[in-house]
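The structure appears right after this line, and notes come after that.
The values are calculated or read from the model by the stated rules, or taken from the named source; none is laboratory data. What you see is a predicted model, and the numbers here were worked out from it, not measured in a lab. Backbone-built Cβ (ideal geometry, glycine too); neighbour counts: all protein chains shown.
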Amino acid sequence: MTDPGAKLDTSIPHSARVWNYWLGGKDNFEVDRAVGDQFSGLYPDITVVARSSRAFLKRAVTFLAREVGIRQFLDIGTGMPTAENTHQVAQAVAPDARIVYVDNDPLVLVHARALLTGTGEGATEYIDADLRDPAAILEAAGRTTLDLTEPTGLILMNILGHVPQLDEAVSIVRHLMGGLPSGSYLVTADGTNVLDGPAFEEAIGVWNANAPLSYHLRRPEELARFLDGLEVVDPGLVPCNTWRPSPDATGDDRREVDEFGALARKP
């Protein structure tokens with residue numbers, strides 16, 4: 001999510017590019033790396049958070065495609081394409097899966113349209129839109145690629161923290177889920193401040209002082225409001241690394257981090 005009407009500016013850091021840097025990607029600029037290094041100097045676990053978030057997304061999308069049979073996904077706040085993007089994970093299970101990505105950062109747009117290509121059987125589309133306009137997102141997704149009368153996996157990863165007011169973030173989730181039918185699922189994760197709060201909060205302060213779009217850590221009970229009215233899948237809202245971890249996961253892949261995620265079904 002960027003400010004409406006934002007243009008590519010390589011002189012200021014952007015969350016998608018900094019996240020890409022923490023994941024070991026190359027689609028970032030010197031300013032992103034500088035802020036990323038300053039952030040990780042205060043909170044070294046941010047790289048673990050980034051990896052655990054990506055791994056959680058992979059497990060959640062695999063679960064929906066393989067165990068539930070979801071065949072279409074709406075991924076808002078795409079970020080910079082890296083390895084194992086939503087369409088790659090879903091279409092590895094179901095080649096006919098349809099995925100719509102949503103973001104409005106100019107650099108993300110360029111890379112997404114070049115790199116986010118899927119299978120011939122399925123479909124992969126990119127929409128330039130803003131999280132704060134859920135009606136426009138639903139209209140565009142339904143017009144282009146998705147059939148919103150069918151169950152859909154809605155993905156909101158590390159984006160709701162960019163909405164300063166919790167009530168507004170909750171309203172956005174409800175609007176988006178309200179436009180999807182019964183049997184749809186929400187996949188969501190965001191930063192918390194319960195395990196290593198002071199260090200994470202200090203690092204977030206650095207980010208908010210340098211970037212145009214602030215981020216807000218929230219307590220798990222606040223994140224749980226996004227799940228109101230939904231049927232939460234076991235094990236519930238938990239640190240991402242502990243959500244159905246791979247049996248062979250060890251070390252950081254199992255260690256709790258200040259990033260809580262959940263998957264929930266619309267009745």
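Consider the stretch 126-144 and keep the residues that are aliphatic (A, V, I, L, M) and within 21 Å of Pro164 (Cα to Cα). The one that is surrounded by the fewest Cβ atoms within 10 Å (Cβ to Cβ) is Ala135.
Of the residues in the stretch 212-267, how many are part of a helix (DSSP H, G or I) and touching an Asp or Glu at 6+ places or on another chain (Cβ under 7 Å)?
Our first condition is that a residue be part of a helix (DSSP H, G or I); within the stretch 212-267, this holds for 220-227, 240-242, 251-253.
Filter again for touching an Asp or Glu at 6+ places or on another chain (Cβ under 7 Å), leaving 223, 240-242.
Qualifying residue count for the region: 4.
Of all residues in the stretch 175-218, count the ones that are farther than 27 Å from Pro44 by Cβ and surrounded by 15 or more Cβ atoms within 10 Å (Cβ to Cβ). Before the answer, list the steps.
As a first pass, look at the stretch 175-218 and keep what is farther than 27 Å from Pro44 by Cβ: 175-186.
After this cut, where a residue has to be surrounded by 15 or more Cβ atoms within 10 Å (Cβ to Cβ) as well, the list is 176-177, 179-180, 184-186.
So the count comes out to 7.
Take Asp130 and decide whether it is touching a Pro at 6+ places or on another chain (Cβ under 8 Å), farther than 17 Å from Phe226 by Cα, acidic (Asp, Glu) and modelled with pLDDT under 95. Lay out the reasoning, then the answer.
Numbers: touching a Pro at 6+ places or on another chain (Cβ under 8 Å): yes; farther than 17 Å from Phe226 by Cα: yes; acidic (Asp, Glu): yes; modelled with pLDDT under 95: yes.
Yes, satisfied.
Within the stretch 24-64, the residues that satisfy the criterion of being without any contact (Cβ under 8 Å) to a residue 40 or more places away in the chain and touching a strand residue (DSSP E or B) at 6+ places or on another chain (Cβ under 9 Å) are Ala50, Arg54.
Per the conditions (1) within 23 Å of Trp19 (Cα to Cα); (2) over 15 Å from the mean Cα position of the chain (by Cα); (3) assigned to a loop (DSSP other than H, G, I, E, B), the sole criterion not satisfied by Val206 is (3). Filter the stretch 169-199 for residues that are more than 30 Å from Gln38 (Cα to Cα), not in a loop (DSSP other than H, G, I, E, B) and not basic (Lys, Arg) and give the result. Those that are more than 30 Å from Gln38 (Cα to Cα), not in a loop (DSSP other than H, G, I, E, B) and not basic (Lys, Arg): Val170, Ser171, Ile172, Val173, His175, Leu176, Met177, Gly178, Tyr185, Leu186. Might you let me know whether the stretch 97-113 holds any residue that is under 22 Å from Arg66 (Cβ atoms), in a loop (DSSP other than H, G, I, E, B) and modelled with pLDDT of 95 or more? Taking every residue of the stretch 97-113 in turn, at least one turns out to be under 22 Å from Arg66 (Cβ atoms), in a loop (DSSP other than H, G, I, E, B) and modelled with pLDDT of 95 or more.
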